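Novice: Before we start, here is the structure in question, set down as C-alpha cells.
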Amino acid sequence: LTFACQDEDKAKTLAKCFECRFVHTTTTPDLFGVEFGSTLKNVYAIASGICHGLKYGDNFRAVLVSNAIQEMKRFITTAFPDENRKISDSVYTGDLLVTAYSKFSRNRIFGTMIGKGYSVKTAHVEMEMVAEGYYGTKCMKEINDKLYHVHMPILDAVYNVLYERVSPSIEIKLLSQYLH
C-alpha cells in the first residue's frame, strides 16, 4: 500500500496507521505520478478487458499490458519529470497488473462487456458498479491532447471505442500495429 504525499513526514505517519503483518506500506512524494498512474491503469484495464471479451489470448494481453506500462511511463515522465521515479514500483506497475488481469476488476469487467458487444450504456447499467476508467479515459485524452501530446495509442484506442463508437474489433486490430 503506497501513500503519496509531498510531505514525507505526513506520508510516513499515515503509512504507520495501516502497517500490519499482512499489509506492507511505502511512501512516495510523487503525488502527480501516482494520481495519473492510477487513472491510466483503469484505462489500460478496460483495454485488457476489451481484448479478453474479443477472445484475444493471454500472450496478446501480456504484450498489450507491457506496452501500457511504457505508455504510462512516457506520459508521466513527460508531464512530471522526476529522475527518482521508478515505473516498475508496485504503485505503478503492480497496480496496473492487478487491475488489468483480475477477474474482480470493475474496469476489466467493463472492458470485457464492451469486447463482447455490449454498448457502453448497457455495460454501465448491467454492471451496477462504477468503472472509473470510462471517465478517466475522456479526462486523460483531453489532458494529453491539450497539454502534452504524448503518443498514446492504447489510450486513443480505448477512447475511440468508448466515445467515438468505433468497433472494438476494428480498433484493437488497428492498435495491434503499434504493439511490440
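The values are calculated or read from the model by the stated rules, or taken from the named source; none is laboratory data. Given the structure is predicted, the values throughout are model-derived calculations rather than measurements. Note: ideal-geometry Cβ built from the backbone for every residue, glycine included; neighbour counts use all protein chains shown.
Novice: Any idea which of K86, K141 is in contact with a helix residue (DSSP H, G or I) (Cβ under 9 Å, 6 or more places away or on another chain), among the basic types (K, R) and more than 25 Å from R165 (Cβ to Cβ)?
Specialist: Details: K141 fails: more than 25 Å from R165 (Cβ to Cβ).
Testing whether each residue is in contact with a helix residue (DSSP H, G or I) (Cβ under 9 Å, 6 or more places away or on another chain), among the basic types (K, R) and more than 25 Å from R165 (Cβ to Cβ) leaves just K86.
Novice: Kindly evaluate R74 against the criterion of being farther than 18 Å from Y134 by Cβ, in a loop (DSSP other than H, G, I, E, B) and charged (D, E, K, R). So that I can check it myself, show each step before the final result.
Specialist: Numbers: farther than 18 Å from Y134 by Cβ: yes; in a loop (DSSP other than H, G, I, E, B): no; charged (D, E, K, R): yes.
Spelling it out, it is not the case that R74 is farther than 18 Å from Y134 by Cβ, in a loop (DSSP other than H, G, I, E, B) and charged (D, E, K, R).
Novice: Could I ask something else about it? For A157, state whether it is in contact with a Phe, Trp or Tyr (Cβ under 8 Å, 6 or more places away or on another chain), within 16 Å of A45 (Cβ to Cβ) and hydrophobic (A, V, I, L, M, F, W, C). Step through it out loud before you land on a result.
Specialist: Working: in contact with a Phe, Trp or Tyr (Cβ under 8 Å, 6 or more places away or on another chain): no; within 16 Å of A45 (Cβ to Cβ): yes; hydrophobic (A, V, I, L, M, F, W, C): yes.
No.
Novice: Name the residue that is surrounded by the most Cβ atoms within 10 Å (Cβ to Cβ), counting only residues in the stretch 152-174 that are within 15 Å of the chain's Cα centre (by Cα) and of a type in the set (V, I, T).
Specialist: V158
Novice: Go through the stretch 87-110 and give me each residue that's among the charged types (D, E, K, R), part of a loop (DSSP other than H, G, I, E, B) and under 21 Å from V23 (Cα atoms). First the steps, then the outcome.
Specialist: Residues of the stretch 87-110 that are among the charged types (D, E, K, R), as a first pass: 89, 95, 103, 106, 108.
Next, only the ones that are part of a loop (DSSP other than H, G, I, E, B) stay: 89, 103.
Hit for the stretch 87-110 is D89, nothing else.
Novice: Provide a single number: the residues in the stretch 123-151 that are of a type in the set (V, I, T), surrounded by fewer than 20 Cβ atoms within 10 Å (Cβ to Cβ) and in a helix (DSSP H, G or I).
Specialist: Residues of the stretch 123-151 that are of a type in the set (V, I, T), as a first pass: 125, 130, 137, 143, 150.
From what's left, surrounded by fewer than 20 Cβ atoms within 10 Å (Cβ to Cβ): 125, 130, 143, 150.
Narrowing further to those that are in a helix (DSSP H, G or I): 125, 143.
Adding up the residues that qualify gives 2.
Novice: Residue check: is K73 surrounded by fewer than 22 Cβ atoms within 10 Å (Cβ to Cβ), closer than 15 Å to G53 by Cα and of a type in the set (K, R)?
Specialist: On the way: surrounded by fewer than 22 Cβ atoms within 10 Å (Cβ to Cβ): yes; closer than 15 Å to G53 by Cα: no; of a type in the set (K, R): yes.
Here the answer is no, as K73 does not meet what is asked.
Novice: What pairs come up if the first residue lies in the stretch 85-98 and is closer than 16 Å to V63 by Cα, the second is in a loop (DSSP other than H, G, I, E, B) and of a type outside the set (D, E, K, R), and their beta carbons are under 8 Å apart, counting only those six or more places apart or on different chains?
Specialist: T93/I87; V98/S105
Novice: Going through the stretch 1-13 one residue at a time, which ones are within 23 Å of S88 (Cα to Cα) and in a helix (DSSP H, G or I)?
Specialist: So the first thing to find is which residues in the stretch 1-13 are within 23 Å of S88 (Cα to Cα), and the list is 1-8, 11-12.
Passing the criteria: E8, A11, K12.
Novice: In addition: Select from the stretch 14-61 the residues that are in a loop (DSSP other than H, G, I, E, B) and either within 18 Å of L96 (Cβ to Cβ) or charged (D, E, K, R) (or both) and list them in ascending order. I'd like the intermediate steps shown before the answer.
Specialist: As a first pass, look at the stretch 14-61 and keep what is in a loop (DSSP other than H, G, I, E, B): 19, 21-22, 24-25, 29-30, 54-57.
Passing the criteria: E19, R21, D30, K55, Y56.
Novice: May I pose another question? Which numbered condition trips up S119, out of (1) at pLDDT 95 or above; (2) in contact with a helix residue (DSSP H, G or I) (Cβ under 8 Å, 6 or more places away or on another chain)?
Specialist: (2)
Novice: Of the residues that sit in the stretch 111-122 and are part of a helix (DSSP H, G or I), over 14 Å from the mean Cα position of the chain (by Cα) and touching a residue at least 12 places away in the same chain (Cβ under 8 Å), which one is farthest from C51 (Cα to Cα)?
Specialist: Our first condition is that a residue be part of a helix (DSSP H, G or I); within the stretch 111-122, this holds for 111-115, 120-122.
With the extra rule that they be over 14 Å from the mean Cα position of the chain (by Cα), the set shrinks to 112-115, 120-122.
The next check asks that each one be touching a residue at least 12 places away in the same chain (Cβ under 8 Å); those that pass are 112-115, 120.
Details: T112: 7, M113: 10, I114: 9, G115: 6, V120: 15 Å.
Among residues in the stretch 111-122 that are part of a helix (DSSP H, G or I), over 14 Å from the mean Cα position of the chain (by Cα) and touching a residue at least 12 places away in the same chain (Cβ under 8 Å), the one farthest from C51 (Cα to Cα) is V120.
Novice: How many of the residues making up the stretch 153-170 are free of Cβ contacts under 8 Å to residues at least 40 places away in the same chain and part of a helix (DSSP H, G or I)?
Specialist: 5
Novice: So for the stretch 54-64 (the condition being in contact (Cβ under 8 Å) with a residue 12 or more places away in the chain, closer than 21 Å to Y163 by Cβ and either aliphatic (A, V, I, L, M) or out of contact with any Gly (no Cβ under 9 Å at 6 or more places or on another chain) (or both)), does at least one residue qualify?
Specialist: Checked against the condition, which is being in contact (Cβ under 8 Å) with a residue 12 or more places away in the chain, closer than 21 Å to Y163 by Cβ and either aliphatic (A, V, I, L, M) or out of contact with any Gly (no Cβ under 9 Å at 6 or more places or on another chain) (or both), the stretch 54-64 yields at least one hit.
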